[in-house]
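Scroll down for the structure; my scribbles are underneath it.
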Number of protein chains: 2
Amino acid sequence: MNDYQFEINLSSTKKQKPAFDQLVFGRNFTDHMFVMDYTEGRGWHDPRIIPYQPLQLDPSAMVFHYGQSVFEGLKAYLTEDQEVLMFRPYKNMERLNRSNNRLCIPAIDEELAVQALRQLISVDHDWVPNEEGTSLYIRPFIISTEPYLGVAASHQYQFIIIMSPVGAYYKEGINPVKIAVQSEYVRAVKGGTGNAKTGGNYASSLKAQEVAEKSGYSQVLWLDGKENKYVEEVGSMNIFFKINGEIVTPELNGSILEGVTRNSVIELIKHWEIPLSERKVSIDEIYEAHKNGQLEEAFGTGTAAVISPIGEFFWNDEKLVINNGETGEISRKLYDTLTGIQKGKLEDKFGWIVKVDEEKAVTSAI
Amino acid sequence: MNDYQFEINLSSTKKQKPAFDQLVFGRNFTDHMFVMDYTEGRGWHDPRIIPYQPLQLDPSAMVFHYGQSVFEGLKAYLTEDQEVLMFRPYKNMERLNRSNNRLCIPAIDEELAVQALRQLISVDHDWVPNEEGTSLYIRPFIISTEPYLGVAASHQYQFIIIMSPVGAYYKEGINPVKIAVQSEYVRAVKGGTGNAKTGGNYASSLKAQEVAEKSGYSQVLWLDGKENKYVEEVGSMNIFFKINGEIVTPELNGSILEGVTRNSVIELIKHWEIPLSERKVSIDEIYEAHKNGQLEEAFGTGTAAVISPIGEFFWNDEKLVINNGETGEISRKLYDTLTGIQKGKLEDKFGWIVKVDEEKAVTSAI
């Protein structure tokens, strides 16, 4: 199973862990990290696990100037039997390589990346939290590190994996959030980088998010950049609607990120034989459906929040309240099923779970 | 003139300087750098000049993940009288603050930034090269440094200035470049970040640049993201055409960067009383003008290259050769005038030059 050998340099001290019943999102990091370098001519080399530590980069390192970076987000969970499970890690590494391609970053070995994850989690296994709603959030990312001030693809990179024990992403948890439809700022456009997981997409979203928050809305609903008419994403999640009994989600059009949770939701909906359609969805259609009483549910999907029900849209000075502002039946069922599979409480009929299998990982590495 | 006091920590050793007659672009950096920190609640604080050194950042620092960064580029020149001149530094700092606004980064004090430049150049004045075509390229930039994995504006930043003695940006120098019109990939769209100088715009441009280079073209001509019809920029420069005696440049529409060189070229053209129009320019219009023999010149403008004549466009499988592939009269005149003013050889009628005035800078700081 594991032919990959990584150099492992264990930390001589261990950090104090935060209380696992009071975790916030993305503020605490484990004792170790994975690092691998890329040098033109040599390719990716020196995969290693080292103590979590600051990066030392020349101030001219290209990532600071030209934004050439990609990342992923996935989670690992502790079962009641103290096994650690990863959720669809190969999907994330596939997508990382699609993002790499768009950003002119050399591809990584996806199997190596998953094995690196396995080793890293094994080394820091006591950081996987066990409280309800918690998990170990994993952040693989690649940055361009060549010290050069010219607009071109870098000849040097670092692939890094860090991990953070996390609680719920939204303070509201599975409670419905209020969303403002954004029609001034644009997240992405066809031909741009919207379907790649790269920093620039997130940087450009901050302004609209700030405007929404000032009006009391926690997230932004993004419309397409060309016609400002079709629904694309919500915050940094994919979006689904239930309209008159049918589940509808925007089709992948080149400016929408192909979410792993989106894909899992689609598989579950199909498995449950609920009608589902991936197609263009205009904001006018959503408005009409609401007016006619057919907009039964709306929810965002993403690794961080899993399922985030939407209780209200604000658009054109009107508030559209959905399902009385309460979590809908499908949203709840999806959340329970996905988190049940992730935590090993429900049967994994889809082959989504990859066990960390610490013994194998550690034995083969040391 | 200078009420700003910076802590100055001089380097105990000096690097070996590259040969100033063999400089490349953006590979060598001076002995010192300027750094200032931002902390929520405290604002910008601790402006200081320190030896050029690596940045130490937590691997979760937001800049690596969510691309929240902005930058500027400007140049300083050595005159025959050994004076150091900066070209329109206040314009760059104004634009830095416009970029900051779009990227949700707290504004900097523009006067402080120019004084910081003055001090930094004074400390490293022997790095300003004197050979023909060389200059000291200055890179102010701001990065988000908070260690946090959530999509939100950072609460911590660093403002940094580094400097690099440079030769010509393009290997071709003032010689005309060949440009491929890009109709698959998009640089920016209205409502996005195209008019801010932020990493994501440059990251998203790399793929098209790579495709162009494979076909033997050195730069990409970008069309608008909505209709894929109107000319926006060329590579990372603004673009100008001379059509039937009139100078035409795309109007600032929200997705085009407002270049300092673009602005200077417009002022010169107006001063010379040559007809000029800032308006929408479609690629079809350029094609027709070429067919009718009215496309007399085309050139890019930017700090790095100053004026970059365009000798050929490739569009829809056709090669449009401009002015026999030679540098046009206006392109040459603009280049000579701008570089003449920058080097102090021509009178500065527009108030563009700011003298570094080393004595004042150094006296007030130490």
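Here are the numbers for the structure shown:
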read-out: Qualifying residue in the stretch A:343-355 (condition: part of a loop (DSSP other than H, G, I, E, B), in contact with a strand residue (DSSP E or B) (Cβ under 9 Å, 6 or more places away or on another chain) and free of Cβ contacts under 8 Å to residues at least 24 places away in the same chain); value: yes
read-out: Top-ranked residue in the stretch B:90-146 [being over 19 Å from the mean Cα position of the chain (by Cα) and among the hydroxyl-bearing types (Ser, Thr, Tyr); ranked as farthest from the other protein chains (Cβ to nearest Cβ)]; value: B:SER122
read-out: Residue within the stretch B:214-224 that is of a type in the set (Lys, Arg) and in contact with an Asp or Glu (Cβ under 7 Å, 6 or more places away or on another chain) present; value: no
read-out: Yes/no for B:THR327 being part of a loop (DSSP other than H, G, I, E, B) and polar (S, T, N, Q); value: yes
read-out: Boolean, A:VAL354 is in the same structural domain as A:VAL123 (by TED's automatic domain parsing) and modelled with pLDDT of 95 or more; value: yes
read-out: Matching residues, the stretch A:177-194, being buried (at least 20 other Cβ atoms within 10 Å of the Cβ), among the polar types (S, T, N, Q) and out of contact with any Ser or Thr (no Cβ under 6 Å at 6 or more places or on another chain); value: A:GLN182
read-out: Residue among B:LYS242, B:LYS270 that is surrounded by fewer than 23 Cβ atoms within 10 Å (Cβ to Cβ) and either more than 19 Å from B:GLU312 (Cβ to Cβ) or over 16 Å from the mean Cα position of the chain (by Cα) (or both); value: B:LYS270
read-out: Looking only at the stretch A:206-220, and only at residues there that are more than 7 Å from every other protein chain (Cβ to nearest Cβ) and either touching a helix residue (DSSP H, G or I) at 6+ places or on another chain (Cβ under 8 Å) or closer than 24 Å to B:LEU223 by Cβ (or both), the one that is surrounded by the most Cβ atoms within 10 Å (Cβ to Cβ); value: A:GLN219
read-out: Selection from the stretch B:74-107 of residues that are small (Gly, Ala, Ser) and surrounded by 20 or more Cβ atoms within 10 Å (Cβ to Cβ); value: B:ALA76, B:SER99
read-out: Qualifying residues in the stretch A:28-61 (those that are among the acidic types (Asp, Glu) and farther than 23 Å from B:ARG27 by Cα) - the one nearest to the other protein chains (Cβ to nearest Cβ); value: A:ASP31
read-out: Residues satisfying the stated conditions in the stretch A:126-148, i.e. under 28 Å from A:SER308 (Cα atoms) and in a helix (DSSP H, G or I); value: A:TRP127
read-out: Qualifying residue in the stretch A:275-287 (condition: over 18 Å from the mean Cα position of the chain (by Cα), part of a loop (DSSP other than H, G, I, E, B) and at pLDDT below 95); value: no
read-out: Qualifying residue in the stretch A:149-158 (condition: assigned to a loop (DSSP other than H, G, I, E, B), free of Cβ contacts under 8 Å to residues at least 40 places away in the same chain and in contact with a Phe, Trp or Tyr (Cβ under 7 Å, 6 or more places away or on another chain)); value: yes
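The values are calculated or read from the model by the stated rules, or taken from the named source; none is laboratory data. Just so we're clear, the structure is a prediction, and the values are computed from it rather than from any experiment. With ideal geometry, Cβ positions are generated from the backbone for all residues, glycine too; neighbour counts draw on all protein chains shown.
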